[in-house]
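Structure first, then comments.
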Amino acid sequence: MTTSSEATTAAPAVAVLGSANADLVVEVDRRPAGGETIIGSDLQQFAGGKGANQSAACAKAGSSTLFVGCVGEDSNGEFLVRSLEQAGVDVSSVNRIAKPSGTAIIFLTPDGENSIVVSPGANAAFDVEIAKATQPVWSRADAVVMNFELPMATVNYVAAAAATHNQRVILNAAPAFSVDEATLRVCDPLVVNEHEAEVVLGEKLDNYERVAQALRGKGARSVVITLGGDGAVAADEDGVFRIPAYEVDVVDTTGAGDAFVGALASELSAGTTLRGAMEFATAMSAIAVQKHGAQPSYVTRNVVEAFISENQTRSQ
């Protein structure tokens, strides 16, 4: 196992500990039924993985961003690291593992929705020992971002360690799993979509405002529930509120959630309120769904600010 380079001396604003995958995308008219074979488009490859995507979005939003993760000693590993470097992410704590790089197989339908199967590959090697080895670097960040494409033991260790360093912990509980009680108590915020919210909560409620409140009641310091075209709902110490979505032409939703999380982390690390951070993140996500791929769809801060200004003008 090797790292790509020596750590930089400047402390990052945000450290993202997570996965990196080569996204293999096929466009299909519809999802195949069991036992059915259908014909799709030519195969396209994009840089992806929830952790890498969130890092790229965070850096594009203007924050000094460190990515800590594992890639294989293969061409996909080189491709994934190079994509992050081009986005302005610090990759000095990327670990090279003697396994294939993570891969996601994505079926994309004409409405922009997708079905995804992930083969973790090198991501599964991101254990507590790697978290400890890289801790001198990520423990200096203002905020730590994680998701559940990491082993659960690693998530729980990092969350506890970050809390002892008074770092803000942003957990995207995706894919959907229950969250350890101690980890939930340090989430600020816990970020989930509709399905993930119900898995973490362990029950269905009649509206997402109540779900957000209930997740705070379970221990999360703040909660954000993303609702796609219906915007997002949040709950913090000041109460419950909703941020509406932008009306845009949807091409590909693959990287939308990660664009939201990365932009949210960037804003929160800069001291923006949760509401203000969500407004910026919602705009970043709205831009992302209008292009193909995850990381290739992410834009710089000035583009997001121009999009927000343009849409404010239109609404007046």
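The table below gives the values:
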item: Cβ-Cβ under 6 Å pairs, at least 6 apart or on other chains, the stretch 250-265 side at negative phi and without any contact (Cβ under 8 Å) to a residue 60 or more places away in the chain, far side of a type in the set (Val, Ile, Thr) and open to solvent by 10 Å² or more (accessible area, probe 1.4 Å); result: 256/289
item: Residue tally, condition in a loop (DSSP other than H, G, I, E, B), open to solvent by 10 Å² or more (accessible area, probe 1.4 Å) and more than 8 Å from residue 14 (Cβ to Cβ), over the stretch 49-67; result: 1
item: Boolean, residue 221 is of a type outside the set (A, V, I, L, M), over 27 Å from residue 293 (Cβ atoms) and touching a Gly at 6+ places or on another chain (Cβ under 6 Å); result: no
item: Test: residue in the stretch 83-102 that is small (Gly, Ala, Ser) and free of Cβ contacts under 8 Å to residues at least 60 places away in the same chain; result: yes
item: Members of the stretch 125-156 found to be of a type in the set (Asp, Glu), farther than 12 Å from residue 19 by Cα and either open to solvent by less than 40 Å² (accessible area, probe 1.4 Å) or in a helix (DSSP H, G or I) (or both), listed by number; result: 129
item: Candidates 110, 100, filtered to the one that is of a type outside the set (A, V, I, L, M), assigned to a loop (DSSP other than H, G, I, E, B), surrounded by fewer than 22 Cβ atoms within 10 Å (Cβ to Cβ) and touching a strand residue (DSSP E or B) at 6+ places or on another chain (Cβ under 7 Å); result: 100
item: Candidate set: the stretch 162-212, residues that are acidic (Asp, Glu) and assigned to a helix (DSSP H, G or I); chosen: the one most open to solvent (accessible area, probe 1.4 Å); result: 181
item: Residue list for the stretch 264-313, filter: small (Gly, Ala, Ser) and over 30 Å from residue 106 (Cα atoms); result: 269, 270, 271, 276, 306, 309
item: Condition check for residue 197: small (Gly, Ala, Ser) and in contact with a strand residue (DSSP E or B) (Cβ under 7 Å, 6 or more places away or on another chain); result: yes
item: Qualifying positions in the stretch 68-80 - assigned to a helix (DSSP H, G or I) and open to solvent by 10 Å² or more (accessible area, probe 1.4 Å); result: 75, 76, 78, 79
item: Residue 157 being of a type in the set (Phe, Trp, Tyr), closer than 16 Å to residue 257 by Cβ and free of Cβ contacts under 8 Å to residues at least 40 places away in the same chain; result: no
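The values are calculated or read from the model by the stated rules, or taken from the named source; none is laboratory data. As the structure is a computational prediction, the values presented were derived from the model and not from experiment. Here Cβ is always computed from backbone atoms with ideal geometry, including for glycine, and neighbour counts include all displayed protein chains. Accessible surface is based on the protein model in full, side chains and every heavy atom, while ligands, DNA and RNA are left aside. Shrake-Rupley method; radii C 1.70, N 1.55, O 1.52, S 1.80 Å.
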